[in-house]
1. Any idea which of Asp95, Asp107, Asp55 is farther than 29 Å from Pro214 by Cβ, open to solvent by 70 Å² or more (accessible area, probe 1.4 Å), part of a loop (DSSP other than H, G, I, E, B) and at pLDDT below 95?
2. I'd like the full set of residues that are within 25 Å of Phe159 (Cα to Cα), open to solvent by less than 60 Å² (accessible area, probe 1.4 Å) and among the polar types (S, T, N, Q), limited to segment 227-269.
3. Looking only at residues that are farther than 23 Å from Asp259 by Cα and among the basic types (Lys, Arg) in segment 165-207, which one is most open to solvent (accessible area, probe 1.4 Å)?
4. Determine which member of the set Ile101, Ile146 is open to solvent by less than 30 Å² (accessible area, probe 1.4 Å), outside any helix (DSSP H, G or I) and at pLDDT 95 or above.
5. Would you mind finding the one in Asp16, Asp93, Asp49 that is in contact with a Lys or Arg (Cβ under 6 Å, 6 or more places away or on another chain) and among the charged types (D, E, K, R)?
6. Output yes when any residue across segment 129-142 is at pLDDT 85 or above, in a helix (DSSP H, G or I), open to solvent by less than 30 Å² (accessible area, probe 1.4 Å) and more than 25 Å from Pro214 (Cβ to Cβ), and no when none is.
7. So which pairs qualify, if the first residue must be in segment 258-286 and closer than 16 Å to Gly2 by Cα, the second must be in a helix (DSSP H, G or I) and among the acidic types (Asp, Glu), the Cβ gap must be under 6 Å, and the two must be at least 6 apart or on different chains?
8. What residue, among those in segment 24-46 that are among the aliphatic types (A, V, I, L, M) and not in a strand (DSSP E or B), is surrounded by the fewest Cβ atoms within 10 Å (Cβ to Cβ)?
Amino acid sequence: RGVDYFRLNMSHTSLDDLVKNIEMIKSVSETPICIDSEGAQVRTYVSSDKIFFEDRASIKIMSKGFSNDTTDLCLWPDEVFSQLKSGDILTIDFDSLLLIIDEIDKDFITATVINGGHVGQNKAVTVFPGITLPALSSKDIEAFKIGLDYGIKDFALSFANSKEDVLMLREIVGLESKIISKIESKRGVNNLNDILSVTDAILIDRGDLSREVPLVNIPLIQKKIIKRAVERRQDVYVATNLLESMMVNSKPTRAEVNDVANSVMDGADAIMLSGETSMGKFPCEV
């Protein structure tokens, strides 16, 4: 169908499934595979598909796998807990839930729900004023090694925040591999020039970037990043919500058509689909 890459997203793929997907794709296609790291991202772990938290409720936040109560909220990776402090604000899954941390105890954290809502499994969490996590998880490193064993040469680095993050990945995948650094944080935007100096390509992930940057600023940031990459003659890709309505509809909206066209006319080398092709109803029509 003219697809350039099959991207395997480690945020939603186990190591066992990674191997199965690689072998399935290679059995029917010569299209290159790109392994995309889960990266420096805090995520939720809940005991059921969804939990609802009411406004003003006091809740416990625990480490993944250490709660037997279906009303507890668990977070991972564990490194997040040593950095959280009283007064921190947590937003979950594009503001579905807003929390403020009250107390830090030995075995759990107590927080108050500011804006209630549903929390699902493996949803992204943004912490304000911010924390620092390793650029690659142990799962990412294992996934990249598996990819190299299968001859994969394309790797995406989620939450590329600095030049050092990219160089860390380069040590693992080698000089012959192509690294796509995903710009999806304020730090990534601020360190764009340094990242461009060591990466092979960049990808603008407008979804996660909008967790840290006001939505109305995203179009201008996208244009500036594309312009900078074009000036350096480096590949630049655009992702998130490009054809979101086609997850349920067979045709896009006029706004989506305009978005895709303008991204390409500004200089984007590729468009990345995510929900549209991973769980939408019209993956081929997209």
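The values are calculated or read from the model by the stated rules, or taken from the named source; none is laboratory data. Everything numeric in this text was worked out from a predicted model, so none of it was measured. For neighbour counting, all protein chains shown are included, and Cβ atoms are generated from backbone atoms with ideal geometry for every residue, glycine included. Just so you know, the surface numbers come from the protein's heavy atoms only, side chains and all, with ligands and any DNA or RNA stripped out. Shrake-Rupley method; radii C 1.70, N 1.55, O 1.52, S 1.80 Å.
1. Asp107
2. Within segment 227-269, Gln234, Thr240, Asn262, Ser263 meet the criteria.
3. Going through the qualifying residues, I end up with Arg187.
4. On inspection, the qualifying residue turns out to be Ile101.
5. Asp93
6. yes
7. Matching pairs, first to second residue: Val286/Glu276.
8. Val28
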